[in-house]
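Derivation of every value follows stated rules applied to the coordinates shown; laboratory data play no part. Remember, it's a predicted structure, so these values are computed and weren't measured experimentally. Glycine also receives a Cβ, built like all others from the backbone with ideal geometry; neighbour counts cover every protein chain displayed.
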C-alpha cells in the first residue's frame, strides 16, 4: 500500500493506493495556520488514521510547496512560510518512524499524470502549474527529474521569452527579479495585465468567462495570455522536447488553450513541425496527492527514483 499526503496552504489530504493505483482510502483536514509543529502532527494523524482503518502499514510520500535544499536539508521556496528553513523530511521520518519521500507539488502533479493520467506511458512529460503561481515538473520514463539544485522544471522564474514592447523589464516578482514568466502567466498575472489594459479589476476566471461570451476587452487579454504561454512553452520544447505537456492549476480549465497555444507555439519552436501534445489533466486537483503516493514504486525492490 502506498500513502500520499498533499500538504497545502489550506488543507492537508491523504490518499492510500493499492498496487494497481486503485484508491483505497482518502481523507483531509484543515492545515493548522502558521504552525509547523501542528502541521507535522496533522500529517502523522492522517497517516495513522489511514493505516488504522485499512489494517496495513504503507510507504508514505509527501507533496509540499517548496523543495528540500540539497545544501542544507531544509525546506525552501515554500509559500507556506512556516515550513521554510525547517527539516520537515527528517522530522516527519522521526514522527512516522519510517523513511519518507518528498517532492514539490508541481513534481507530484507531473508524476501523477505521467503514471496513470493524461500523459500515461509518455517517455518525457512536462507538467505545468498555472495557478496562483507558475511551476513545473519533469518526469522521464516514470521518474521525476529533480536536478542537483532541486529546481528542475521551475520555468516560472525564467524571463518571459522574446519580450514584446511593453513586456520588458516587466512586472516585479516576489523572487526579486522582474519579467518572470509567473508574473504574466499566473492567474493573478492575467488579472494584472487585464487591469492595466482596461482599468477593470476582475479575476482570471471572470476574464475567461467574459472572453467566451465575446466581450472584446476580455478576449484581447486572453489572446495576449495565449500568445505569451505559447512563447514560454516553446522555450521548454526547445530545451526538453517533451512528448506531452500537461496543464494544471486554475488556468488549465480554459478549454481554448489546448487548440490555440499549439497553433501559436510553432513559430517559436526550432523544428519543421511540433509533435508535442498539450493536454488537460485527468486527475486535476487529485494529482498532487496521487503523485505523492507514486513517489514510492509498487514494489519496494524497484530501484530508487
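Just a few scattered comments:
- Qualifying residue in region 14-34 (condition: over 20 Å from residue 105 (Cα atoms) and not in a loop (DSSP other than H, G, I, E, B)): yes
- Yes/no for residue 140 being touching a strand residue (DSSP E or B) at 6+ places or on another chain (Cβ under 6 Å) and surrounded by fewer than 24 Cβ atoms within 10 Å (Cβ to Cβ): yes
- Matching option when the condition is under 23 Å from residue 123 (Cβ atoms) and in contact (Cβ under 8 Å) with a residue 12 or more places away in the chain, among 260, 235: 235
Matching residues to (1) over 19 Å from the mean Cα position of the chain (by Cα); (2) crowded, with 24+ Cβ neighbours inside 10 Å:
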| position | (1), (2) |
| --- | --- |
| 29 | yes, no |
| 44 | yes, no |
| 56 | yes, no |
| 78 | no, no |
| 84 | no, no |
| 89 | yes, no |
| 105 | no, yes |
| 115 | no, no |
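- Considering region 99-217, the qualifying helices (runs of 4 or more DSSP H), each wholly inside and each with 3 or more residues that are without any contact (Cβ under 8 Å) to a residue 60 or more places away in the chain and under 25 Å from residue 264 (Cα atoms), run over 181-185, 187-198, 204-212.
- Answer residue from region 159-181, given it is surrounded by 15 or more Cβ atoms within 10 Å (Cβ to Cβ) and touching a strand residue (DSSP E or B) at 6+ places or on another chain (Cβ under 7 Å) and is nearest to residue 257 (Cα to Cα) among those: 181
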